[in-house]
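Data first, discussion second: the structure below is written as structure tokens.
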Amino acid sequence: MLEIKQLTVAVEDKEILHNVSLSIGTGETHVLFGPNGSGKTTLLMAIMGFPKYRITGGNIIFDGRDITGLPLDERARLGIGMSFQRPPVVRGVKTRDMVGAALQARGNGATIQNLAEKTNLLEFLDRDINYGFSGGEIKRSELMQLLAQKPELTLLDEPESGVDLENIALIGKLIDELLEKDCPARSRKCMGLIITHTGHILDYVNAKTGYVMMDGCIGCQGEPREMLATIKEKGYQECIECLLHRQTV
Amino acid sequence: MPVTPPDGIRLVIRKKGFESYYMSKVKSSRTYKEKARAAIKKPAALGEDIDLDTYLDTAEKKPYQPDPSQLPVKTKKHMLSAGIILDDMRQRSGTYIQMDNAPIHSSSRQEGVEVMAVSQALEKYDWLQDYWWQAVAVDADKFTANVELSQYDGYFIRALAGQKTVLPVQACLYLSKERLAQKVHNIIIAEEDSELHIITGCTTSLGQEPGLHMGVSEFYIKRGARVTFTMIHSWNPETAVRPRTGAIVAENGLFLSNYVLMKPVRTLQMYPTARCVGENSVVRYNSVLVATPGSSLDVGSRVLLNAKGARTEIVARAITTGGDIVSRGYIEGNAPEVKGHLECRGLILQEKGMIHAIPELKGTLAGIDLSHEAAVGKIAEEEVEYLMARGLSRSEATATIVRGFLRVDIEGLPAALSVELQRAIEASEKEVM
Ligand SMILES: Nc1ncnc2c1ncn2[C@@H]1O[C@H](COP(=O)(O)OP(=O)(O)OP(=O)(O)O)[C@@H](O)[C@H]1O
Ligand SMILES: [Mg+2]
């Protein structure tokens, strides 16, 4: 279970998130919509624990434990994992090293070889991580590292953007595995929070809750497919009006 | 400045190419001595000056050692830290060991590969004089001059035409006498279409006592020959080091030079120069430098692309944990269709320490392609955090990035040598971090 209570986050003295609250039950996957610059990535980075994203108010409770002040690496070892929208290139550090480190940090018995086969990245293992990777390759490499981490809470930042149709099925399958889609709901442990613009990923994951983030606030909550349909039809303008309406009521 | 080749040579290069070069009219050794005497006070173009009078010129003679595995365990351990393996010589195609000023062992296990003291080679081959001071100028500075005037041996390694060796020849220059100025002159010749791999380990048994190493090395890489030269230095915090190296690479020749310095040294300055005089010749320099507190390094690699289609790549990785590093690189394109790239990266791991990257490119005609990239700074926080997000602690993440920084994938180096080189680097990594 992940609970976010009235979270306020600042980046370089600028408050980006204001009083964000949400809660993800054990085994659930939630989806985050919202226009560019609304604060979606910021929320994920803050949950993951990146120091640059300073939590100035509120709490993050993970599996009953307050992790608000816990360092990034400890959160990772605890079982929080994230795929990055724009991960850095680390020269000299091989993809193999990243996967190996993740396996080790979480005591995962899977093999690097097997994960690379699964993600179709065998020939990337001996390349410097992210160096010269295409957009789609980065997405797969991020998922490979996450599969090595086997997190209980998976944070995915636009996992399908820039991915071609053929690979989207692969990405969908990998995410299913991460989120234990094939597991009966009752025994499912893994949680997910996924940022998406296109909603393509909804065809694969079992998400029943969605949010729209607007200007650093969670505007509304609902059934993700319905929300997506509205956004597609009317754009985020509708959300703004809805918010204004609620404020004046 | 060791850049300018002796006058006669330029002419020959232009006229006939490299073969005629070593056949060219030899300057009598008298001329070299005269030139050296004239340059005996000439300070080096770079690096702090060293007062040679504070060092000794001579050391005791050492007995020849037919079986180097019989050397004292401690000595062998020192040598091993510089890549010299004496307990299982089957891993090497030849071995040369010089202690202070005395060659104590030389042997070749491979037909077609000659390994001997340069004094012995001069007796054996009249023509060897023709190579003397052809790749390095005798009057470059007081160090070259000093080596000419009072040199004590050095090694001669030669691969005969068409001879391709797989296992490396190893050469060890060992400094054991306090305050000694070790002066060697090495000649390496790869005859046409030969292949030669060399590991040179320079090290000292001295703990804190001062010493000076001056080494002139001249490489002659003839048509179609391939030479890889891997030099590992392991000195002490009081050693001063002044290598002077030149290489001449003929048509389709390859010279691949790797340099590793991970241990403290007081002052080290070198700027080896390779000249591509033959068409489509290739030179690659890789260096990995670590400056610990109190170490001062001024290290560069220079390549002159003087023949059509010649190519070079220079890669330097410098880390300071408190010492100073000047990391230089120079590529000059003087012929059509030449290509060169220079990469200079520096990491500052502590609050103290300095890295000054000086990449230089010079082109003298159109149609050449020279480029460089240089970066100096601390480890990017973003990279550390990326690794931490996979569960590594901050120190593990930093160590992984530093290890990656020191990992140079060297194209053209035999796999076994690559592994050894990486091992030499990793052996000292812990001290760095
Ligand atoms: N390091 C930073 N310095 C200043 N502003 C920042 C920084 N990081 C994020 N911001 C700002 O915070 C706001 C939210 O950014 P965030 O990356 O969370 O948006 P997003 O919802 O993920 O957008 P997108 O859909 O474009 O990925 C933006 O206005 C952004 O410019
Ligand atoms: Mg974003």
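The values are calculated or read from the model by the stated rules, or taken from the named source; none is laboratory data. Worth saying up front: this structure is predicted, and the values here are computed from it rather than measured. Note: ideal-geometry Cβ built from the backbone for every residue, glycine included; neighbour counts use all protein chains shown. With ligands, DNA and RNA removed, areas are computed over all heavy atoms of the protein, side chains included. Shrake-Rupley method; radii C 1.70, N 1.55, O 1.52, S 1.80 Å.
Backbone N atoms of region B:162-177 closer than 19 Å to the 7 Å Cα→Cβ label point of B:SER69 belong to residues B:167-172. Against the criterion of solvent-accessible heavy-atom surface with a 1.4 angstrom probe, A:GLU166, A:GLU160, B:GLU351, A:GLU223 sort, most first, into B:GLU351, A:GLU166, A:GLU223, A:GLU160. Angle check, please: helix A:237-248 long axis (alpha carbons) against the longest principal axis of chain A (alpha carbons), in degrees 0 to 90, nearest 10. Between the helix axis and the principal axis of chain A, the angle is about 50 degrees. When Rg and Dmax are taken over the Cα atoms of region B:380-433, they come to 13.2, 36 Å.
Stokes-Einstein diffusion of chain A at 10 °C, 1.306 mPa s viscosity, Kirkwood radius from Cα pairs, rounded to a whole number: 86 µm²/s. In terms of accessible area, using a 1.4 Å probe and ignoring ligands and nucleic acids, B:TRP127, B:TRP133 rank largest first as B:TRP127, B:TRP133.
For an R0 of 35 angstrom, estimate the FRET efficiency from the Cβ-Cβ distance between B:GLU373 and A:LEU165 and round to the nearest 0.05.
Calculated transfer efficiency: 0.40.
Close amide H pairs (under 5 Å, H built 1.01 Å from N) link B:VAL376 with B:GLY346, residues at least 5 positions away or on another chain. DSSP assigns beta bridges within region B:96-187; of those with both partners inside it, close to 65 percent run antiparallel. Sparsely packed loop sites in region B:85-129 (the GluC sites (Glu not before Pro) outside DSSP H, G, I, E and B with at most 11 other Cβ atoms within 10 Å) comprise B:GLU111. Placing +1 on the Cβ of every Lys and Arg and -1 on the Cβ of every Asp and Glu, with nothing else charged, gives region B:380-433 a dipole about its Cα centre of roughly 180 debye.
Length, then width, then depth: along the principal axes, the Cα atoms of the protein assembly as shown run 104, 53, 45 Å. Under 19 Å Cα-Cα from B:LYS352, which lysines qualify once same-chain neighbours fewer than 8 residues away are excluded? Excluding near neighbours in sequence, the set is B:LYS263, B:LYS378, B:LYS430. So which of B:LYS33/B:LYS183; B:LYS183/B:LYS339; A:LYS5/A:LYS208 end up more than 27 Å apart by C-alpha? Where the Cα-Cα span goes over 27 Å, the pairs concerned are B:LYS183/B:LYS339. At what distance in nm do the modelled label points of B:TRP127 and A:HIS245 sit from each other, each positioned 7 Å from its Cα along Cα→Cβ? Once both label points are built, they end up 9.6 nm from each other. Residue by residue along B:165-171, Cβ atoms of other protein chains within 10 Å of the local Cβ number 0 on average. The distance separating the Cα centre of region B:360-382 from that of region A:167-181 comes to 42 Å. What separates the Cα centres of region A:94-132 and region B:24-93 is a distance of 46 Å. Taking the empirical scaling 2.2 N^0.38 Å for compact globular proteins as reference, chain B has a Cα radius of gyration ratio of 0.94.
Chains B and A together bury roughly 1900 Å² of accessible area, counting both sides, with a 1.4 Å probe on protein heavy atoms only.
Which loop-located trypsin sites (Lys or Arg not before Pro) does region B:318-364 contain, where loop means any DSSP state but H, G, I, E or B and the Cβ has at most 15 other Cβ atoms within 10 Å?
B:LYS352
Distance check, please: which entries in A:LYS40/A:LYS139; B:LYS42/B:LYS362; A:LYS40/A:LYS234 exceed 23 angstrom between their Cα atoms? In this structure, B:LYS42/B:LYS362 lie more than 23 Å apart at Cα. Across B:LYS42, A:LYS234, A:LYS208, the residue with the most accessible area heads the list, and the full order at a 1.4 Å probe is A:LYS208, A:LYS234, B:LYS42.
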